[in-house]
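Read the structure below first, then the notes.
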Amino acid sequence: MSVLTPDPVLRLLERAAAHCGPGAVRLHAVLAADFPAALSRRPAQLLRAADANAEDLDQLLAMAGFADTEDLRACAARETGRRLPVPDQRIADREGEPGDRTALRRILAREQENLAGTLDALHANGALELAARAVVAGRRRWVFGDMKSIGYAALVAADLSAALRDVTLVQPGMGAAVTALADAGDQDVLITFSFRSYSRHTVRVAREFHALGGTVVAITDGYDSPVCAYATHVLAVNTRSESRTHSPTAVTATGHLLASLAAAGAKGAARRAQRRHALTWALSDGEGTTPADPPERTAP
């Protein structure tokens, strides 16, 4: 009985490239020109050499039956009997000179550590669940962030608004804060963000909201953050970074999870989200119709 042998790696890539477009064809050419040594280069280096993009690479690998570049490297190593070195992880500096050999791997590892550590801790101590319950129970929800945290606040407010009513994004500045605090009540909830260097304005807004008897949910970088003195619920987030600014990775994820859990626990959230979707469609180009699932647009 004959044994079927697998197609060579380059042959698989060549066939796949023919179905994927010019970018994939160029990628195959770059790999074939120095196979398998070319696989010792970083994916970004291969893309630059082929004048291709990440979508071209993903399509090529999927069409050829490889999970990712690591899978491709492993198959090529088995086929050729060669041990391929791990791609150099250093990042070139502005002039193109080789830089830190471990920068890319170290930065990725730090962000993965931040995200995993934060989510594990918030799940283990129950803080995220309690904060989400407070958001749902609030009569009105106010979201505030100053300096870099303006973006975080905007994202959370947008997510909450899709499922809950009475959500207000408080713009930074004295006037907006005064207006919000004048309208807020003791049954309301404030979600605020505060990270080093801590905005005094954020702390003061949290202080005054707390004085009203409202519930403050603070997303911050530790229990020693100044805003914690006025917070009912503290969501401590890892923001360590390899750069000089704090990392936004776990902050953004925590804000999204808080909004998602609040939406999951709110009555009528799914109905409200569907209605918003239908109205958005009707007011854009749906010509007065409000389908639950609008048809996909075709390219002109």
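The values are calculated or read from the model by the stated rules, or taken from the named source; none is laboratory data. Because the structure is a prediction, the values reported are computed rather than measured. Heads up, the Cβs are rebuilt from the backbone with ideal geometry, glycines too, and the neighbour counts pull from every protein chain shown. Side chains are part of the model used for accessible areas, which takes the heavy atoms of the whole protein and leaves out ligands, DNA and RNA. Shrake-Rupley method; radii C 1.70, N 1.55, O 1.52, S 1.80 Å.
A few notes on this one:
- Reported count of residues in region 241-258, each being within 18 Å of residue 143 (Cβ to Cβ), among the small types (Gly, Ala, Ser) and out of contact with any Ser or Thr (no Cβ under 9 Å at 6 or more places or on another chain), is 1.
- The set of residues in region 197-240 that are under 27 Å from the mean Cα position of the chain (by Cα) and acidic (Asp, Glu) comprises 221, 224.
- Test set (1) surrounded by 24 or more Cβ atoms within 10 Å (Cβ to Cβ); (2) under 17 Å from residue 234 (Cα atoms) - residue 214 fails condition number: (1)
- Candidates in region 1-27 are the residues that are in a loop (DSSP other than H, G, I, E, B) and under 17 Å from residue 80 (Cα atoms); of these, the one that is modelled with the highest pLDDT is 8.
- Only one of the listed residues (232, 192, 202) is open to solvent by 10 Å² or more (accessible area, probe 1.4 Å), more than 30 Å from residue 104 (Cα to Cα) and touching a strand residue (DSSP E or B) at 6+ places or on another chain (Cβ under 7 Å). That residue is 232.
Residues are listed down the side, and each one gets a yes or a no for (1) open to solvent by 80 Å² or more (accessible area, probe 1.4 Å); (2) out of contact with any Leu (no Cβ under 6 Å at 6 or more places or on another chain); (3) of a type outside the set (Gly, Ala, Ser):
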residue	(1), (2), (3)
114	no, yes, yes
119	no, yes, yes
126	no, yes, no
136	no, yes, yes
143	no, no, yes
149	no, yes, no
162	no, yes, no
173	no, yes, no
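- Given (1) farther than 20 Å from residue 226 by Cβ; (2) modelled with pLDDT of 95 or more; (3) out of contact with any strand residue (DSSP E or B) (no Cβ under 8 Å at 6 or more places or on another chain), number of the condition residue 126 does not satisfy: (2)
- Some residue of region 41-58 being at pLDDT below 90 and part of a loop (DSSP other than H, G, I, E, B): yes
- Every test in (1) out of contact with any strand residue (DSSP E or B) (no Cβ under 9 Å at 6 or more places or on another chain); (2) open to solvent by 80 Å² or more (accessible area, probe 1.4 Å); (3) modelled with pLDDT of 90 or more is passed by residue 271 save one, and that test is (3).
- Being without any contact (Cβ under 8 Å) to a residue 24 or more places away in the chain and under 29 Å from the mean Cα position of the chain (by Cα) is a condition met by no residue of region 22-30.
- The residue pairs whose first member lies in region 120-131 and is closer than 14 Å to residue 260 by Cα, whose second member is not aliphatic (A, V, I, L, M), and whose beta carbons are closer than 6 Å, counting only pairs six or more residues apart or on different chains, are 130/233; 131/233.
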